[in-house]
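Engineer: The structure is given below, and queries will be raised subsequently.
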Amino acid sequence: MDSDRIDQILGQWHQASPALDVSSLAVVGRILRMARLLERQRETLLAPHGLSVWSFDVLATLRRQPPPHQLTPTELYGALMLSSGAMTNRIDRLESDGLVERHRESMDRRSVLVRLTAKGAQRVEAVLPQILGRERELLEEATTAEERALLAALLRRQLLALESGGKG
């Protein structure tokens with residue numbers, strides 16, 4: 001089997017500190033490296049559409065909601081795991097680009113909804129098939145359908161353990 005960058009790092013740690021248990025890097029290091037590489041892939045596909053990874057995440061989160069594709073800012077930042085300040089800044093930028101709009105609830109004028117505009121929906125719908133297709137190709141190049149199903153199950157289990165505070 002071919003070596004990757006993580007194998008090199010593991011070897012370097014073994015040389016530098018043989019008593020140190022770096023076995024978790026074999027998994028965590030690869031997950032982190034893959035996340036960075038996949039994010040770069042997305043950035044490349046999103047740039048021609050005038051989107052970034054963060055803007056696409058906001059728009060896609062709204063698009064997958066039932067019509068009229070809206071959430072409160074609190075629901076949005078919870079879904080995206082952001083602070084309220086970061087979410088406000090992102091909503092402002094997307095609103096200035098005409099991709100989302102703020103709506104006041106008729107019953108409670110203090111309550112605001114962030115709604116995907118037709119332009120925002122078109123942007124997501126134009127790029128989403130490209131992203132999903134490219135990511136599917138990348139996975140299919142290296143794994144079988146059975147391996148992908150097993151990998152998804154193992155990653156789900158690990159993610160659930162991490163989300164529950166690692167007591168899993």
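The values are calculated or read from the model by the stated rules, or taken from the named source; none is laboratory data. From a predicted model like this one, the values you see are computed outputs, not experimental measurements. Positions of Cβ are backbone-derived with ideal geometry, glycine not excepted, and every protein chain shown enters the neighbour counts. Note: areas computed on protein heavy atoms with side chains; ligands, DNA, RNA excluded. Shrake-Rupley method; radii C 1.70, N 1.55, O 1.52, S 1.80 Å.
Engineer: Only one of Val114, Val27, Val58 is in a strand (DSSP E or B) and either open to solvent by 80 Å² or more (accessible area, probe 1.4 Å) or in contact (Cβ under 8 Å) with a residue 12 or more places away in the chain (or both); which?
Structural biologist: Val114
Engineer: Quick one: Arg104 ticks every box in (1) in contact with a helix residue (DSSP H, G or I) (Cβ under 7 Å, 6 or more places away or on another chain); (2) modelled with pLDDT under 95; (3) of a type outside the set (A, V, I, L, M); (4) open to solvent by 80 Å² or more (accessible area, probe 1.4 Å) bar one, so which box is it?
Structural biologist: (1)
Engineer: Quick check on segment 79-101. Is at least one of its residues assigned to a strand (DSSP E or B) and either open to solvent by 60 Å² or more (accessible area, probe 1.4 Å) or in contact with a Pro (Cβ under 7 Å, 6 or more places away or on another chain) (or both)?
Structural biologist: yes
Engineer: Those residues that are of a type in the set (Val, Ile, Thr) and either under 29 Å from Leu51 (Cα atoms) or touching a residue at least 60 places away in the same chain (Cβ under 8 Å) (or both), I need them from segment 117-168; list them, please.
Structural biologist: Thr117, Val124, Val127, Ile131
Engineer: Still on this structure, I have one more. Please work out which residue is nearest to Arg104 (Cα to Cα), limiting yourself to segment 117-168 and to residues that are exposed (fewer than 11 other Cβ atoms within 10 Å of the Cβ) and polar (S, T, N, Q).
Structural biologist: That would be Ser164.
Engineer: Do the conditions hold for Leu46, that is, is it of a type outside the set (Gly, Ala, Ser), out of contact with any strand residue (DSSP E or B) (no Cβ under 7 Å at 6 or more places or on another chain) and either outside any helix (DSSP H, G or I) or buried (at least 18 other Cβ atoms within 10 Å of the Cβ) (or both)?
Structural biologist: It is true that Leu46 is of a type outside the set (Gly, Ala, Ser), out of contact with any strand residue (DSSP E or B) (no Cβ under 7 Å at 6 or more places or on another chain) and either outside any helix (DSSP H, G or I) or buried (at least 18 other Cβ atoms within 10 Å of the Cβ) (or both).
Engineer: Moving to a separate point now. For segment 64-74, give me the residue count where each residue is buried (at least 16 other Cβ atoms within 10 Å of the Cβ) and either among the aromatic types (Phe, Trp, Tyr) or part of a helix (DSSP H, G or I) (or both).
Structural biologist: 1
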